[in-house]
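Asks: First the structure, which I've put down as structure tokens, then a few questions once you've had a look.
The values are calculated or read from the model by the stated rules, or taken from the named source; none is laboratory data. In this text the structure is predicted, and so the values were computed from the model without any measurement. All Cβ positions, even for glycine, are placed from backbone atoms using ideal geometry, and neighbour counts span all protein chains on display. For accessibility, only protein heavy atoms count, side chains too; no ligands or nucleic acids. Shrake-Rupley method; radii C 1.70, N 1.55, O 1.52, S 1.80 Å.
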Number of protein chains: 2
Amino acid sequence: MYIAKILTTLRKTILDPQGKAVENSLKSLGYDKITDTRIGKFIELKINAGSKAEAEKIAEEACKKLLANPVMEDYTFEITEGES
Amino acid sequence: MYIAKILTTLRKTILDPQGKAVENSLKSLGYDKITDTRIGKFIELKINAGSKAEAEKIAEEACKKLLANPVMEDYTFEITEGES
């Protein structure tokens, strides 16, 4: 049993209106030291794979095929061994 | 300049329909080794704070007041020093 923690974020060149809205809300709460707010997704999966390499392969494919939009988003993930 | 990377996730006891939908989609793509899919938010902020302790305080307050719903969500964050 492996646990994959996946982060997807909009590419740096793409405008992030959700992040901008949150940044404006933070500013109106008085947090004017916060800038460059960007929002992405955090996806946690359990993978019943036989090896860490197999779990990495499955996570990579899942990101490419479903979890991230490869045109607009970047993704990173890390695999850790979890209790089954 | 510090960078805060914040993760918010629904509490374990709360049903995550978005995660369940993604899990079903993955299964229909043939990834039947993937279970327990949960989806949260990933928020990245830059904080112009004078010290790491101040940046942590600002990030903690921002999570409590705006970024996470304390009734339904847990949050974790880490602060790293970034180039200004």
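Asks: Considering only segment A:58-70, I want to know if a residue exists there that is in contact (Cβ under 8 Å) with a residue 60 or more places away in the chain and facing another protein chain (nearest Cβ under 10 Å).
Replies: The answer is yes, given that some residue of segment A:58-70 is in contact (Cβ under 8 Å) with a residue 60 or more places away in the chain and facing another protein chain (nearest Cβ under 10 Å).
Rundown of residues vs (1) of a type outside the set (S, T, N, Q); (2) more than 30 Å from residue A:52 (Cα to Cα); (3) assigned to a loop (DSSP other than H, G, I, E, B), yes/no style:
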site	(1), (2), (3)
B:18	no, no, no
B:25	no, no, no
B:32	yes, no, yes
B:37	no, no, no
B:60	yes, yes, no
B:65	yes, yes, no
B:70	yes, yes, yes
B:80	no, no, no
B:83	yes, yes, yes
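Asks: May I pose another question? Among B:16, B:32, B:74, which is the only one that is within 11 Å of chain A (Cβ to nearest Cβ), surrounded by fewer than 17 Cβ atoms within 10 Å (Cβ to Cβ) and either touching a residue at least 40 places away in the same chain (Cβ under 8 Å) or within 30 Å of residue A:57 (Cβ to Cβ) (or both)?
Replies: Numbers: B:16 fails: surrounded by fewer than 17 Cβ atoms within 10 Å (Cβ to Cβ); B:74 fails: within 11 Å of chain A (Cβ to nearest Cβ).
Criteria check complete, one pass: B:32.
Asks: Any residue at all in segment A:36-44 that's aliphatic (A, V, I, L, M) and within 27 Å of residue B:33 (Cβ to Cβ)? If you could, list the steps in order and put the result at the bottom.
Replies: The first filter runs over segment A:36-44 and keeps only residues aliphatic (A, V, I, L, M), leaving A:39, A:43.
If we keep only those that are within 27 Å of residue B:33 (Cβ to Cβ) as well, we get A:43.
Yes, some residue in segment A:36-44 is aliphatic (A, V, I, L, M) and within 27 Å of residue B:33 (Cβ to Cβ).
Asks: Would you mention how many residues in segment B:35-57 are touching a residue at least 12 places away in the same chain (Cβ under 8 Å), more than 7 Å from chain A (Cβ to nearest Cβ) and open to solvent by 10 Å² or more (accessible area, probe 1.4 Å)? Steps first, answer last, please.
Replies: Taking segment B:35-57 and keeping what is touching a residue at least 12 places away in the same chain (Cβ under 8 Å), we get B:35-49, B:52, B:55-56.
Filter once more, keeping what is more than 7 Å from chain A (Cβ to nearest Cβ): B:52, B:55-56.
Within this subset, residues satisfying the condition of being open to solvent by 10 Å² or more (accessible area, probe 1.4 Å) are B:52, B:56.
Residues that pass the stated criteria total 2.
Asks: Another question, if that's okay. Scan segment A:46-80 for residues that are in contact with a helix residue (DSSP H, G or I) (Cβ under 7 Å, 6 or more places away or on another chain) and either closer than 15 Å to residue B:7 by Cβ or of a type outside the set (A, V, I, L, M, F, W, C) (or both) and report the count.
Replies: 3
Asks: Now a separate question. What single numbered condition from (1) under 17 Å from the mean Cα position of the chain (by Cα); (2) buried (at least 20 other Cβ atoms within 10 Å of the Cβ) fails to hold for residue B:80?
Replies: Tallying (1) under 17 Å from the mean Cα position of the chain (by Cα); (2) buried (at least 20 other Cβ atoms within 10 Å of the Cβ), residue B:80 fails exactly one: (2).
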